[in-house]
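Enquirer: Let me give you the structure first, and then I'll get to my questions.
The values are calculated or read from the model by the stated rules, or taken from the named source; none is laboratory data. Predicted model only: the values in this text are computed from it and were never measured. Glycine also receives a Cβ, built like all others from the backbone with ideal geometry; neighbour counts cover every protein chain displayed.
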Amino acid sequence: MIRINLLPFRAARAKENIRRQVSIFFLLLVLVMIALWYSLLHFNRQIKELETGIANINKEIVVYKARADRVTQIEKALKILEQKLGVIDGLKVVRREPVILMESMTQLIVPERMWITHLSADDRTVNLKGIAFDNKTVADFMTNIETSTYYNASDLKSLQLQTVKGAKLRVFELVCTKRPPEKK
């Protein structure tokens, strides 16, 4: 006997299959949308974190730039101070030079035979003008200068005979070269 099923069983199964596929499609579509929405939120959160990090770094840059400017100002002030200290050290080296110059001249003159009337000095030379009784006194004075520890050499610029109050005296002019000061 032949059985005939009049119920649309296969058609109902095909409809059910299509409905299941459509519901799986929409479910997958919803899952993809949720995944995209989640990844969008995740990336937005990362972007905000990076932007706040950049803002914090920019604030730190401003703070450190102010500190760096202050450091450069301090370095400039320090450089100026070091220059001033160098000048002070240089002055300390030569501060006693005039005293030593006068003291050495008083030790080098021939006592009671000559007088220094004018003395001027610069960095390397000392110009002297004076009066002596005779030529030998001037020569002895020049020898004393050349053997001194403060002077290298002496050069006689002029020697003239002058009569002062009936006495015949020698008016002389010398140029002496100084030894450089020793730095400690």
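Enquirer: Which residue, of L169, L101, is part of a strand (DSSP E or B) and of a type outside the set (D, E)?
Expert: Matching residue, one of L169, L101: L169.
Enquirer: Next question, about the same structure. So which pairs qualify, if the first residue must be in region 88-112 and under 12 Å from N144 (Cα atoms), the second must be part of a helix (DSSP H, G or I), the Cβ gap must be under 6 Å, and the two must be at least 6 apart or on different chains?
Expert: L108/N144; L108/I145; V110/T137; V110/D140; V110/F141
Enquirer: Looking at S104 and the list (1) under 19 Å from T125 (Cβ atoms); (2) hydroxyl-bearing (S, T, Y); (3) not assigned by TED's automatic domain parsing to the domain that holds L169, which single condition is not satisfied?
Expert: S104 satisfies all of (1) under 19 Å from T125 (Cβ atoms); (2) hydroxyl-bearing (S, T, Y); (3) not assigned by TED's automatic domain parsing to the domain that holds L169 except (3).
Enquirer: Hey, another quick one. Kindly indicate the residue of region 155-182 that is surrounded by 10 or more Cβ atoms within 10 Å (Cβ to Cβ) and of a type in the set (V, I, T) and also modelled with the lowest pLDDT among those meeting that condition.
Expert: T177
Enquirer: Which condition number does S148 fail, the rest of (1) part of a strand (DSSP E or B); (2) small (G, A, S); (3) in contact (Cβ under 8 Å) with a residue 12 or more places away in the chain being met?
Expert: Tallying (1) part of a strand (DSSP E or B); (2) small (G, A, S); (3) in contact (Cβ under 8 Å) with a residue 12 or more places away in the chain, S148 fails exactly one: (1).
Enquirer: From the residues in region 105-148 that are loosely packed, with under 13 Cβ neighbours inside 10 Å and of a type in the set (K, R), which one is nearest to E173 (Cα to Cα)?
Expert: Going through the qualifying residues, I end up with K136.
Enquirer: Checking E97 against (1) at pLDDT 95 or above; (2) among the charged types (D, E, K, R); (3) under 30 Å from D140 (Cα atoms), which single condition isn't satisfied?
Expert: (1) is the only condition that E97 fails.
Enquirer: Among the listed residues V171, V175, V138, V164, which satisfies the condition of being farther than 17 Å from L119 by Cβ and of a type in the set (A, V, I, L, M, F, W, C)?
Expert: Numbers: V171 fails: farther than 17 Å from L119 by Cβ; V175 fails: farther than 17 Å from L119 by Cβ; V138 fails: farther than 17 Å from L119 by Cβ.
Going through V171, V175, V138, V164 in turn, the sole match is V164.
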